[in-house]
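Colleague: There's a structure below that I have some questions on.
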Amino acid sequence: MPVFALPLTDDAQLRPLEPWQAQEFLEHIDRARPTVDPWIPWATFSTDLETATATLQRYADRQAEDSGRIYGIWLEGTLVGGVMFTHFDSASGVCEIGCWLEAAGEGRGLVNRACRILIDWAFRERGMHRVEWMAASGNTRSTDAARRLGLTREGVLRQRYPYRGVRLDKEVWSVLAEEWPAAAA
């Protein structure tokens, strides 16, 4: 039984994702790769136990530095996705949130619930001012998730990053602390 877990549904949990879970993470990424590889940079590079461990270690280091975090979503005991702070800057009050999910977890609202937990925490516990969401323009699953969370689309960074020889546009979405519904609660 995990020491730290937050329920998302009766059969799903949000838990820290740590380097010692690299084998489980790798198996999950192998299942998720067809749908997340174009959108999550580390999915391209997490192809064996060593690189999967390195990905999780980078996030462990970021958490120790208070500059990022990563959490897994477990459905019926199987890792099916996750959410993360890809960037966390408490001095400026700005952080970026991201997510991913394999097909087995889709259609259950797990990403939405997990993202709400992270955004609430960023605003309520850490006093952040702005939460950002970046998504490749063609990643409609991600932009739809941002929209469902109530984030505002601010614009497009044209040809922002390369992916397999093609430069992709990146959409910028955000929510401010005073706009977040939980802030008023």
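The values are calculated or read from the model by the stated rules, or taken from the named source; none is laboratory data. Keep in mind that what you see is a predicted model, and the values were worked out from it rather than measured. Don't worry about glycine lacking a Cβ; one is built from the backbone with ideal geometry, like all the others, and counts go over all protein chains shown. We work out accessible area using only protein heavy atoms, side chains counted, and drop any ligands, DNA or RNA first. Shrake-Rupley method; radii C 1.70, N 1.55, O 1.52, S 1.80 Å.
Colleague: Tally Lys/Arg at +1 and Asp/Glu at -1 over every other residue whose Cβ is under 14 Å from the Cβ of Gly138; what's the total?
Modeller: +2
Colleague: Specify whether the C-alpha gyration tensor of region 5-65 places it in the rounded, prolate or oblate class, a ≥ b ≥ c being the square roots of the eigenvalues: rounded for a/c under 1.5, otherwise prolate if a/b is larger than b/c and oblate if not.
Modeller: Working: a/c = 1.79, a/b = 1.17, b/c = 1.53.
The shape class here is oblate.
Colleague: Place a point 7 Å from Cα of Leu176 in the direction of its Cβ. Which residues in region 131-155 have their backbone N less than 16 Å from it?
Modeller: Those under the cut-off are 131-133, 151-155.
Colleague: Accessible surface of Leu176 in the full protein assembly, 1.4 angstrom probe, to the nearest 10 Å²?
Modeller: Surface open to solvent at Leu176 totals about 40 Å².
Colleague: Out of the GluC sites (Glu not before Pro) in region 17-77, which ones are loop residues according to DSSP with at most 14 other C-beta atoms within 10 Å?
Modeller: Listed in order of number, the matching sites are Glu65, Glu76.
Colleague: Just to be sure I understand the rule: take each whole DSSP H helix in the chain, project its Cα atoms onto its long axis, keep it if the span is 18 Å or more and its mean Kyte-Doolittle hydropathy is at least 0.5. Which ones pass? Before the final figure, lay out the partial values.
Modeller: Details: long enough: 22-36 (19 Å, -0.64); 49-64 (22 Å, -0.73); 110-124 (21 Å, 0.55).
Helices meeting the span and hydropathy rule in the chain are 110-124.
Colleague: Return the single residue from Val172, Val156, Val131 with maximal mean-square fluctuation; model: Gaussian network over the chain, springs between Cα atoms under 10 Å.
Modeller: It is Val156.
Colleague: When the dipole is taken about the Cα centre of the chain, and only Lys, Arg (+1) and Asp, Glu (-1) are charged at their Cβ, what size is it in debye, to the nearest 20?
Modeller: 560 debye
Colleague: Another question about this same structure. With a 10 Å cut-off between alpha carbons and a GNM built on the chain, which of Asp11, Asp169, Asp120 moves the most?
Modeller: Asp11
Colleague: Between beta-carbons, use under 15 Å as the cut-off and find the net charge around Asp120, counting Lys and Arg +1, Asp and Glu -1. Before the final figure, lay out each step's value.
Modeller: On the way: positive: Arg69, Arg113, Arg116, Arg124, Arg126, Arg130; negative: Glu125, Glu178, Glu179.
Taking every Cβ under 15 Å from that of Asp120, the sum is +3.
Colleague: Could you tell me the accessible area of Cys115 in Å² (1.4 Å probe, neighbours in place), rounded to the nearest ten?
Modeller: 0 Å²
Colleague: Students sometimes get this wrong: rank Phe4, Phe85 by accessible area, probe 1.4 Å, all chains present, largest first.
Modeller: So, going from the largest accessible area down, we get Phe4, Phe85.
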